[in-house]
Amino acid sequence: MKRPAGILILISIIALILGWGIGSFFTQRTVAKVVASIPASPIVVDAHYNREKHSITYSILNPGGVPLTIVDESFVFTPGKNSKEKAYIVSHVPIHAVLPPGVVTRVELKLKAGTEKLQLGDAVLATFTYVHPLSPDLYTVAHPFKLGIGGKNVAQQKKEIKGGK
Amino acid sequence: MQRVLWWIVFGIFIAVIVLGIFLFSLVIAAHPEAAAFVIGFLGFWLFANRLIFGYGGIANAAKAFLDGEIPDKSEIAQKIAKSPEAAQLQKLEDLSVAALLSMWLSSLEPFKYAYYLGFFLVFLIAALFELNIISSIVIGPIAEAVMLGAAIPTLLVWGLELLAGYYVGQALMKAVKEIEVGSQESQQNQ
C-alpha cells in the first residue's frame, strides 16, 4: 500500500462488495415479504388421542406468512377390528382456531359424546375447513388418523380445494 | 415587504419539514429496513463528518505541499488548536507545514477511535442477529440495515484516513530531506 492508486483500488473493490451486499439485502427483504404474503396450506405434523377427554389433538403447522383460520371441522369414524362401536360421521362442527404464521398450533377435535373410547385400529378421518384473508374461498385439509401402537398414525394427507362459498 | 417575504419563506420551510416528516413516516410504515438504512447512514455520517472533512483536508493540503505549494499555516493551526488565540499562544505557526499536518492528523485520532467503536458495536449487534445468536424476526433485519447504512461513511473514513496517512508520510519525508539538504549547505558554507 505504497501508492494512492493502490489505496483507491482497494477502497473501490470494498465499495463494490459493500454495494453488492446492500443491494442483495434489500432484494432479499423484498422477496421475503412477497413470499410471506402468499398463503400456505396447513400441515398436520402430529395427532394424539386423549383417552380421558375422548378427543384427538392435532398439531397443525402453518408454513406460510399469512394467518389461516379454521372455521369448521368434520370427521368420519371407522371402527377397527377391536371396536364394538358403529361407524359414524360428524360433520361441520363450527370452530374458530387461528393458525399464526410459521408456528405449530394445537387444535382439539372432540369425538362424539357417549361413544366408546377408541381401540387399536380405529380410524378417524378428520377434515378441517380453513379460510385465509386474501379470498372468500373455503379450503380443506383432510387428515387420516389410525390409533396404532404408540399412538402412531398413518402419516398421509390429502388436500383438496372447494371453490366458492 | 421584507417581513411578508420572511413569513412566506418561513411558511415554506415549515411546510417542507412537515411534508418530509410525513413522507419519512410513510416510508417507515411501508419499509422499516429502508428507514433504518437511512437513519444508520445519516446518523453515522453526522459522527463521521469531522473525520471525512478532516482527513480530506489533510490529504489535500499534504498533496498541495508535495506539489510545491505552501499551504496557509494559520489555517492549519486553527484546525489543531481550539481557537486562533490558542494557536497563537502555542506558537503553532512557527512549526513547519509537514509538522503541522502530522499534528492535525493525530488530533483526529480520538474521534477516529470513538467512531470505529460505534461502528463496531453496531456491526456486533448486526452479526449477533445474522448468526442467530439472538433471534428476532422484527429487529434482526433492522439491525442489519442500520449496519449497512453505517458501513458507507465508515468506508469513506477508512479510505480517506489511508490517503491522508500516505500523503502526510510523503510530506514528512520531503520536509526531512529539505532540512538535511539545508544543513549540509550551511555546513559547506561554513
Open item on the list: Let me check I've understood the local charge: for residue B:87, count other residues with C-beta under 14 angstrom from its C-beta, Lys and Arg +1, Asp and Glu -1. What total comes out?
Closed with: -1
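Rounded if a/c is under 1.5, else prolate if a/b beats b/c, else oblate: with a ≥ b ≥ c from the C-alpha gyration tensor eigenvalues square-rooted, which is the stretch A:51-110? The partial results should precede the final answer.
On the way: a/c = 2.88, a/b = 2.18, b/c = 1.32.
Here the stretch A:51-110 falls in the prolate category.
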Task: R0 of 45 Å, Cβ-Cβ distance residue B:23-residue A:10: FRET efficiency to nearest 0.05 - done: 0.75
- [ ] Determine the shape class of the stretch B:48-111: with a ≥ b ≥ c the square roots of the Cα gyration tensor eigenvalues, call it rounded for a/c under 1.5, and otherwise prolate if a/b is greater than b/c, oblate otherwise.
- [x] oblate
TODO: Leaving ligands, DNA and RNA out of it, rank B:103, B:147 by accessible area with a 1.4 Å probe, largest first.
DONE: B:103, B:147
- [ ] Report residue B:139's accessible area, 1.4 Å probe, all protein chains in place, as a number in Å² to the nearest 10.
- [x] 90
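Would you compute, from DSSP H runs of 4+ residues alone, the mean residue ellipticity of chain B at 222 nm, taking -39500 (n - 2.57) per run and dividing by the full residue count, rounded to the nearest 500? Kindly include the intermediate steps, with their values, before the conclusion.
Working: 7 runs with 162 residues, N = 190.
Calculated at 222 nm, the ellipticity per residue is -30000 deg cm²/dmol.
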Open item on the list: So, taking all protein chains as they sit and a 1.4 Å probe, how much accessible area belongs to residue B:120, in Å² rounded to tens?
Closed with: 110
Task: Rounded to the nearest 20 debye, dipole of the protein assembly as shown from Cβ charges on Lys, Arg, Asp, Glu - done: 1720
TODO: Return the aspartates and glutamates within reach of residue A:86: Cα separation strictly under 18 angstrom, same-chain partners fewer than 8 residues apart disregarded; answer none if there are no such residues.
DONE: A:116, A:122
Open item on the list: Below 8 Å, C-alpha to C-alpha, sequence gap of six or more: please give me the relative contact order for chain B in percent.
Closed with: 35
Open item on the list: What does the C-alpha gyration tensor say about the overall shape of chain B? Classify as rounded when a/c is under 1.5, otherwise prolate if a/b is larger than b/c, or oblate.
Closed with: oblate
TODO: Would you kindly calculate the translational diffusion coefficient of the stretch A:1-110, applying Stokes-Einstein with the Kirkwood radius from alpha carbon pairs, for 10 °C and a viscosity of 1.306 mPa s, and quote it in µm² s⁻¹ without decimals?
DONE: 85
Open item on the list: Around residue A:54, under 13 Å between beta carbons, what's the net of Lys plus Arg minus Asp minus Glu among the other residues?
Closed with: 0
TODO: For residue A:119 and residue A:95, compute 0.36 nm times the residue count separating them, minus their Cα-Cα distance, and round to one decimal in nm.
DONE: 6.0 nm
- [ ] Kindly express, to the nearest 10 degrees and within the range 0 to 90, the angle between helix A:4-36's C-alpha long axis and the longest C-alpha principal axis of chain A.
- [x] 20
- [ ] Work from the charge dipole of the stretch B:10-161 (Cβ charges, +1 for Lys and Arg, -1 for Asp and Glu, about the Cα centre) and give the residue of B:133, B:21, B:70 farthest towards its positive end.
- [x] B:21
Task: Distance histogram in 10 Å bins (all Cα pairs of the protein assembly as shown, percent per bin) - done: 5, 15, 16, 14, 13, 10, 9, 7, 6, 3, 1, 0, 0
Task: Solvent exposure ordering (accessible area, 1.4 Å, most first) of B:45, B:7 - done: B:7, B:45
- [ ] Mind giving me the nanometre distance, one decimal, between the label points for residue B:74 and residue A:104, set 7 Å out from Cα along Cα→Cβ?
- [x] 7.9
Open item on the list: Taking the Cα centre as origin and putting +1 on Lys and Arg beta-carbons and -1 on Asp and Glu beta-carbons, what dipole magnitude results for the stretch A:1-135, to the nearest 20 debye?
Closed with: 480
Open item on the list: What aspartates and glutamates does residue B:91 reach when the alpha-carbon gap must be under 15 Å and sequence neighbours fewer than 8 apart in one chain are set aside?
Closed with: B:72, B:75
Open item on the list: Need the full-extension length gain, residue B:116 to residue B:1, defined as separation in residues times 0.36 nm minus the C-alpha distance. One decimal, nm.
Closed with: 36.3 nm
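Go through the stretch A:33-135 and name the trypsin sites (Lys or Arg not before Pro) that are in a DSSP coil and have 15 or fewer other Cβ atoms within 10 Å of their Cβ. Mind dumping the intermediate values first?
Details: sites: A:33, A:51, A:53, A:81, A:84, A:86, A:106, A:110, A:112, A:117; in loops: A:51, A:53, A:81, A:84, A:86, A:112, A:117.
Answer by residue number: A:51, A:53, A:81, A:84, A:86, A:112, A:117.
Taking the Cα centre of the stretch B:127-190 as origin, sum charge times position over the Cβ atoms of Lys and Arg (+1) and Asp and Glu (-1), and report the length of that vector in debye to the nearest 20.
It works out to roughly 40 debye.
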Open item on the list: With just the Cα atoms defining each centre, how far is the stretch B:1-64 from the stretch A:91-133? Give it in Å.
Closed with: 57
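Please compute the net charge surrounding residue B:108, taking Lys and Arg as +1 and Asp and Glu as -1 over other residues with Cβ under 12 Å from its Cβ.
+1
Past the 15 angstrom mark, what percentage of all C-alpha to C-alpha distances in the stretch B:34-140 do you count?
Details: 4011 of 5671 pairs.
In whole percent, the share of Cα-Cα pairs in the stretch B:34-140 beyond 15 Å is 71.
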Open item on the list: Under a crude label model (7 Å from the Cα following the beta-carbon direction), how far is residue B:42 from residue B:13 in nanometres?
Closed with: 1.8
- [ ] Enumerate the amide H contacts of residue A:71 below 5 Å, restricted to partners 5 or more residues apart or on another chain; note that Pro and chain-start residues carry no placed amide H.
- [x] A:129, A:130, A:131
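Could you sort B:70, B:134, B:52, B:12 by their accessible area in this structure, using a 1.4 Å probe and putting the largest first?
B:70, B:12, B:134, B:52
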Task: Potential extension, residue B:177-residue B:34 segment - 0.36 nm per residue separation minus Cα distance - done: 46.3 nm
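The values are calculated or read from the model by the stated rules, or taken from the named source; none is laboratory data. Nothing here was measured: the structure is a model prediction, and the numbers come from that model. Positions of Cβ are backbone-derived with ideal geometry, glycine not excepted, and every protein chain shown enters the neighbour counts. The accessibility values were calculated without ligands, DNA or RNA, using every heavy atom of the protein model including side chains. Shrake-Rupley method; radii C 1.70, N 1.55, O 1.52, S 1.80 Å.
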